[in-house]
């Protein structure tokens, strides 16, 4: 018979907050997408400085930037939802609408996901994590 007054026990090998393989795989996927989003964001900023300001080129570039923006928002929401829950994911989305804060939020979210994945035994590189 088990003592009802003993403290609860947990597996010391599993990182706090993430206990299932599905959560780890969705965390790894979300972290990979946030890394891609960060690279796309930085490359769009670099291209905006290099491209001429013609009307046709600017229109095509604007459509591409809007697509990158939507991809970034979806990636951040998915990763923040896995890490912190839906409430914080919405806060992250609102923060992504503020210039320069969005870049900081991408970096913070990426750092937290990388830390949790490394605790779980994943190898994390520039373009994502693998077991």
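The values are calculated or read from the model by the stated rules, or taken from the named source; none is laboratory data. Predicted model only: the values in this text are computed from it and were never measured. In this analysis, Cβ positions are derived from the backbone assuming ideal geometry, glycine residues included, and neighbour counts consider all displayed protein chains.
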Name the single residue that is surrounded by the fewest Cβ atoms within 10 Å (Cβ to Cβ) among those in the stretch 121-131 being out of contact with any strand residue (DSSP E or B) (no Cβ under 9 Å at 6 or more places or on another chain) and outside any strand (DSSP E or B). 126
Options 79, 38: the member that is at pLDDT below 85, buried (at least 16 other Cβ atoms within 10 Å of the Cβ), within 22 Å of residue 114 (Cα to Cα) and within 10 Å of the chain's Cα centre (by Cα): 38
Scanning for something crowded, with 18+ Cβ neighbours inside 10 Å and either without any contact (Cβ under 8 Å) to a residue 12 or more places away in the chain or within 23 Å of residue 98 (Cβ to Cβ) (or both), does the stretch 55-74 turn up at least one residue? yes
Filter the stretch 82-102 down to the residues that are exposed (fewer than 15 other Cβ atoms within 10 Å of the Cβ) and in a helix (DSSP H, G or I) and list them by number. 86, 87, 88, 90, 91, 94, 101
